[in-house]
Amino acid sequence: MLSYGGYGVSRFDFLRGREDALYDMCKQVEKYQGVDTDIFMLKSRRALEQIVTKLGCQGHTLREKVDDINSKLNISGDMKNRIIKFKNLCNESIHYEEGKTATVAVDSALAELVDICKWLVDAKIEKKVENVIESNIKLLQEKQRELEKAFKNNDMPAVARISDEIKKLSQEQNQDIKCIKDPQFQLAEFCENEEDE
């Protein structure tokens with residue numbers, strides 16, 4: 001873990017405020033990077049399991065959970081293979097025979113854990129955004145039909161009202177997406193609203 005001016009900077013800082021339990025676990029992985037390879041790889045394996053489980057994926061084995069990610073988040077074949085390959089790397093290092101030495105490039109193993117973690121967290125965010133957009137599309141289509149009907153009936157007050165409702169729905173969707181993508185934005189909005197009251 002890097003340190004600037006007495007403050008620790010983790011490669012997993014992107015998890016802070018979003019997945020705090022996972023952030024703490026991944027920081028523990030970093031702590032053993034240059035200290036104990038066996039503990040580092042054991043904690044890496046545990047963090048990998050937690051990353052996958054945090055996404056709400058079910059299964060008794062990591063492979064089953066990865067298959068469940070596939071149905072939930074449309075994981076690419078490449079990423080699926082990378083997750084399994086990383087699990088195998090951790091297992092080989094942890095269960096290496098006595099008297100033999102496993103050659104594990106700890107720096108590249110940590111970089112791979114960071115990449116997998118980022119990809120999965122981003123995939124989770126994108127899925128939430130997709131869900132928000134899908135639910136709004138139905139509402140917007142309904143409002144569009146109402147707007148067309150109001151135009152046909154030459155009902156200008158209804159046209160103005162429905163247009164405002166469509167604009168408001170779009171603004172709310174943008175706010176929701178910003179909150180999903182940036183937890184700090186949600187916190188800033190909350191603080192701003194508290195000050196207004």
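The values are calculated or read from the model by the stated rules, or taken from the named source; none is laboratory data. Nothing here was measured: the structure is a model prediction, and the numbers come from that model. As a convention, Cβ positions derive from the backbone with ideal geometry for all residues, glycine included, and neighbour counts pool all protein chains shown. Side chains included, ligands, DNA and RNA excluded: accessible areas come from the protein's heavy atoms. Shrake-Rupley method; radii C 1.70, N 1.55, O 1.52, S 1.80 Å.
Structure data summary
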| item | result |
| --- | --- |
| Around Met25: net Lys/Arg minus Asp/Glu count, Cβ-Cβ under 9 Å | +2 |
| Total formal charge among the other residues, if their Cβ is under 14 angstrom from that of Asn88, Lys/Arg +1 and Asp/Glu -1 | +3 |
| Whichever lysines have a C-alpha closer than 29 Å to that of Lys80, once near sequence neighbours (fewer than 8 apart) are set aside | Lys27, Lys31, Lys43, Lys54, Lys65, Lys72, Lys118, Lys124, Lys127, Lys128, Lys178, Lys181 |
| Calculated P(r) of region 9-54 - Cα pairs past 12 Å, % | 57 percent |
| Area of Lys27 that stays accessible when all protein chains are in place (1.4 Å probe, Å², to 10) | 70 Å² |
| Spatially proximal lysines relative to Lys149 (Cα-Cα < 29 Å; intrachain offsets below 8 disregarded) | Lys138, Lys167, Lys168 |
